[in-house]
Amino acid sequence: MRSRTVSQPAMSFEYIMWMFTRISGLALLFLGFIGLVMALIMNARNLLDMPTLTRWTFFPNPNHVVNSNIPDVSQGWANAYWQIMEMVIALFGISHGFNGLRVVIEDFIGNTFWQPMIRGVIFLMWLFFIIIAFYVILAS
Amino acid sequence: MKVTVKILRYNPEKDKRPRYRTYHVEAEPTDRVLDVLEKIKGYQDGSLSFRRSCAHGICGSCAMRINGMNRLACKTLIKDLHSDKIVIEPLLGLPLMKDLIVDMKPFFEHYQSVKPYLINDEPPPLTERLQSPEERERFDDTTKCILCAACTTSCPSFWSNGQYVGPAAIVNAHRFIFDSRDRGAAERLRILSDQFGVYRCHTIFNCTLACPRDIQITKAIGEVKRAIATGSLD
């Protein structure tokens with residue numbers, strides 16, 4: 001059977017967001033895995049309890065570990081690397097979630113008068129949460 | 001055995017909204033739900049309306065909700081329902097016309113929108129457009145569709161928005177997209193990558209469960225998504 005190919009349709013917004021959802025979902029798991037492994041390398045097994053380690057895994061913010069047995073969070077647990085990690089996680093997580101919200105709402109409203117307005121509101125909410133998240137990350 | 005059949009009835013000339021009516025019917029466990037409906041219509045209430053044609057699971061006329069699941073009345077045996085109480089309702093998501101009859105027009109409009117026919121502008125060969133058994137096998141599963149609408153009307157995405165083309169239309173697009181003789185795949189993929197195309201499918205699998213022909217519908221939708229993403233029709 002010979003291989004058959006077809007010219008791909010122009011990238012639609014739905015296609016781009018569908019692909020982004022899959023990539024960001026996998027990226028969040030991968031970034032969480034990195035956070036978990038690096039925490040364990042930094043002796044999390046003796047320094048953190050399970051809930052603290054879980055919080056750190058999915059959002060590696062020093063505020064999550066300040067009340068644990070870590071003598072000094074500035075030694076490995078709070079630096080620019082983790083801030084960049086947090087920002088990437090926040091960007092992917094918030095975008096993934098708000099796109100999900102958009103999809104659910106558009107499942108119901110469809111291509112109507114309300115669609116551009118709903119998209120605008122969701123975009124503003126997305127922007128607000130990104131700004132808040134980045135502020136928290138950079139201020140902590 | 002005696003079965004209690006609760007049917008959602010609606011007469012647009014009399015009723016403001018559908019209402020249930022209960023019938024008691026003597027039936028064999030090996031009788032089909034269609035036989036029970038025929039008994040009710042023939043001996044108890046001639047005003048009961050439902051679609052039927054072949055009564056052999058091939059025309060797709062008698063799809064309805066039986067005990068909460070979309071099934072063909074002519075393929076559903078009483079014994080397979082594991083209950084002597086049967087609730088029969090019209091398909092969801094399409095406008096109700098009368099009793100168990102829904103308006104299929106929106107369903108067929110979506111079906112037509114994906115161009116469910118062979119597109120090939122190349123000059124026809126002297127004999128026929130040949131195809132290997134492997135090439136035929138590639139889309140064999142989706143050729144089984146009988147357009148009963150059981151899949152589309154079991155889909156929550158379609159319930160929430162009738163603009164979605166629905167699983168049946170995608171299945172019939174798949175049947176031609178992956179046909180080696182067809183040249184209209186790019187056009188169909190463009191249609192299905194639209195806002196109300198394949199991306200409204202959230203892989204709920206209701207369609208696959210409902211299909212009376214056991215078509216792997218969610219898999220077919222996934223293959224169309226992959227074709228859009230990669231351009232490969234293998």
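The values are calculated or read from the model by the stated rules, or taken from the named source; none is laboratory data. Everything quoted here is computed from the prediction, not taken from an experiment. Counting neighbours? That spans all protein chains shown, and the Cβs are built from the backbone with ideal geometry, glycine included. Calculation scope for accessible area: heavy atoms of the full protein, side chains included, ligands and nucleic acids excluded. Shrake-Rupley method; radii C 1.70, N 1.55, O 1.52, S 1.80 Å.
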- Unmet requirement for A:A10, which otherwise passes all of (1) touching a residue at least 12 places away in the same chain (Cβ under 8 Å); (2) within 14 Å of another protein chain (Cβ to nearest Cβ); (3) among the small types (G, A, S): (1)
- With respect to the numbered conditions (1) surrounded by fewer than 17 Cβ atoms within 10 Å (Cβ to Cβ); (2) at positive phi, which one is the sole condition not fulfilled by B:M69? (2)
- Any residue in segment B:3-28 that's over 14 Å from B:L81 (Cβ atoms): show its pairings with residues that are polar (S, T, N, Q) at Cβ separation under 7 Å, as long as the two are six or more apart or on different chains. B:T22/B:T4; B:Y23/B:Q44; B:H24/B:T4
- Note on the structure: Scanning segment B:157-206 for residues that are more than 8 Å from every other protein chain (Cβ to nearest Cβ), open to solvent by 10 Å² or more (accessible area, probe 1.4 Å) and in a helix (DSSP H, G or I) gives B:W159, B:N172, B:R175, B:F176, B:E187, B:I191, B:N206
- Task: Select the strands (runs of 3 or more DSSP E) contained entirely in segment B:1-113, then report the ones holding at least 1 residues which are touching a Cys at 6+ places or on another chain (Cβ under 8 Å) and either in the same structural domain as B:C211 (by TED's automatic domain parsing) or within 30 Å of B:I170 (Cα to Cα) (or both).
- Result: B:63-66, B:69-72
- Checklist (1) away from chain B (no Cβ under 14 Å); (2) surrounded by 15 or more Cβ atoms within 10 Å (Cβ to Cβ); (3) in a helix (DSSP H, G or I) applied to A:W77, failing item: (3)
